[in-house]
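Worksheet: one structure, shown below.
Bear in mind these aren't lab numbers, they're just calculated from the coordinates by the rules spelled out. Here the structure is a predicted model, which means the values were calculated and not measured. Note that we place each Cβ from the backbone using ideal geometry, even for glycine, and neighbour counts take in every protein chain shown.
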Amino acid sequence: MNVTLHEYSYLLNNGTNDYFIEIFEEIDRAFYLEDKSTLKQIYDDNIIYPEGCYYALCAKACYTALEKEEQEKIADLLIGTEYWGAKELWIFTDTIDQLSNPLLLSLLNEFLAKSNYFHRIVDYNRLITQAINTAVLTLINRNMGKEAKMVLDKTAQDLWEVDLFSRNVHLFLLGLWLYSFSNQTNGEEKMKHSIQIFNMLGSTHLENKYQKIYDTTLKKHA
């Protein structure tokens, strides 16, 4: 019938997405707006349910630290899932920077293997790119330059020419890596170009987010 499962579900639900899509998009919005009250409300509303507890932990990871047991709960789910679909990609993206180094590296290998099949699907490519960006930023912040560069190099070939957001964030992260581990002058130039692009496009929240990372990085290496 040339209708995807996502489209079929959208029509079946009278123009609304599946619950997990709605909740993760709400988490994303609240995170970018630094809206802790909404994130805490999402946590309270979902933590009591077997499936919802994963959404709750994703919301919690956006405003405070996860406990070791909570990290392991996330890891058990992802390692035990043969192929990562949208739900698993969102869970991984929202909790990456909360995971211990061993869990992060283990799940990063799982991610690169289990998401490769979905790179050419538009909706999944966006989620995969988000996961990659968050993973690279986390690795750089933890001074794991070798691992961060490996992910940058491995995923550069999967960037779509028309996906300007992904390419611009990749430019920023490459600049961040260069500034942190190799060539500060070149790295700073790339980060500035990326921030300027967000400014020219009127992407205020993204401009502010990456400006903060830029400012923190320069202060850290001053």
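Numbers for the structure displayed
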item	result
Burial ranking of peptide ranges 188-198, 142-152, 125-135 (average Cβ count within 10 Å, highest at the top)	125-135, 188-198, 142-152
Cα lying deepest toward the dipole's positive end in the chain, options Thr216, Asn125, Leu77, charges on Cβ	Thr216
Relative contact order computed over the chain (Cα-Cα under 8 Å; 6+ residues apart), in percent	11 percent
All-pairs alpha carbon distance profile, region 105-216, 10 Å steps from 0, percent	14, 47, 33, 6
Charge context of Glu207, other residues only, Cβ under 13 angstrom, K/R +1, D/E -1	+2
nm² value of the averaged projected area, convex hull over the Cα atoms of region 69-108	2.5 nm²
The chain: proportion of alpha-carbon pairs further apart than 25 angstrom, %	43 percent
The chain - charge dipole about Cα centre, Lys and Arg +1 at Cβ, Asp and Glu -1, debye rounded to 20	920 debye
Helix-only mean residue ellipticity at 222 nm for the chain, each DSSP H run of n ≥ 4 adding -39500 (n - 2.57), per residue, nearest 500	-23500 deg cm²/dmol
Principal axis box of region 23-126, alpha-carbon based, largest edge first, Å	36, 31, 24
